[in-house]
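Note sheet for the following structure.
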Amino acid sequence: MTETHTGAETSTGGIRLEIPAAPEYLRLARLAVADVGARAGWSYEDIDDLRIAVDELCYAIGAGAEHGRLVLSYQVADGGIEVRGTGVDTTPLAAPGELARAIIAAVVDEFDLDVDARSFRFSKRA
């Protein structure tokens with residue numbers, strides 16, 4: 001059975017998460033974005049899209065590095081979710097290739113990625 005968005009408007013003042021950049025902590029970023037989507041009443045498929053985007057974009061700004069931190073912020077407003085991420089003292093492993101960028105573009109409505117500045121932003125509407 002597929003759940004659908006209820007149409008209820010949810011708005012938060014923002015949620016901030018700071019985690020080590022080590023790969024074992026990236027699960028926390030995915031869990032947090034899934035929780036934000038669930039609280040907004042989104043379908044499982046939309047929540048999975050959020051997890052995929054967070055995963056791909058966090059790796060692009062340095063997740064998986066031995067040192068450094070990831071700072072993520074989640075905002076729910078106007079029927080959508082916006083996520084911003086910054087790598088602090090991280091070294092991006094590699095810029096995402098064409099396939100990774102196509103995957104990200106397929107699961108969100110819009111995204112910006114600056115590998116040199118180790119930052120991203122994406123938004124998705126249910």
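Every read-out reported here was derived from the displayed coordinates using simple, explicitly stated rules and does not represent laboratory data. These numbers were taken from a predicted model, which means no experiment stands behind them. Neighbour counts run over all protein chains shown; Cβ positions are idealised from the backbone, glycine included.
Things worth noting here:
- Remark: the stretch 55-72, residue by residue, has Karplus-estimated 3J(HN,Hα) of 4, 4, 6, 5, 5, 5, 9, x, 4, x, 6, 6, 9, x, 9, 10, 10, 10 Hz, where x stands for each Gly or Pro and the curve is 6.51 cos²θ - 1.76 cosθ + 1.60 at θ = phi - 60°.
- Computed from label points 7 Å out along Cα-Cβ, the spacing between GLU24 and ALA117 is 3.3 nm.
- Global geometry of the stretch 53-126, whether rounded, prolate or oblate, following the gyration tensor of its Cα atoms and the 1.5 cut on a/c: oblate
- Surrounding net charge for ALA63, when Lys and Arg each add one and Asp and Glu each subtract one, Cβ distance under 14 Å: -1
- If only the Cβ of Lys and Arg carry +1 and only the Cβ of Asp and Glu carry -1, the dipole of the chain around its Cα centre is close to 260 debye.
- Prolate/oblate/rounded label for the chain (Cα gyration tensor, a/c 1.5): prolate
- Mean ellipticity per residue at 222 nm, deg cm²/dmol - from DSSP H runs of n ≥ 4 across the chain, formula -39500 (n - 2.57): -10500 deg cm²/dmol
- Using the Cβ of SER123 as centre and a radius below 10 Å, the other residues enclosed give a net charge of -1, where K and R count +1 and D and E count -1.
- In percent, rounded to a whole number, the relative contact order of the chain is 28, using alpha-carbon pairs under 8 Å and six or more apart.
- HN-Hα J in Hz across the stretch 98-104 - Karplus 6.51, -1.76, 1.60, θ = phi - 60°, x for Gly and Pro: 4, 5, 4, 5, 5, 5, 4
- Backbone HN-Hα couplings from phi across the stretch 26-43 [Karplus 6.51/-1.76/1.60, Hz, Gly and Pro as x]: 4, 4, 5, 5, 5, 4, 5, 5, 5, 5, 4, x, 5, 5, 7, x, 7, 6
- Environment charge at TYR25 (Cβ cut-off 11 Å; Lys +1, Arg +1, Asp -1, Glu -1): +1
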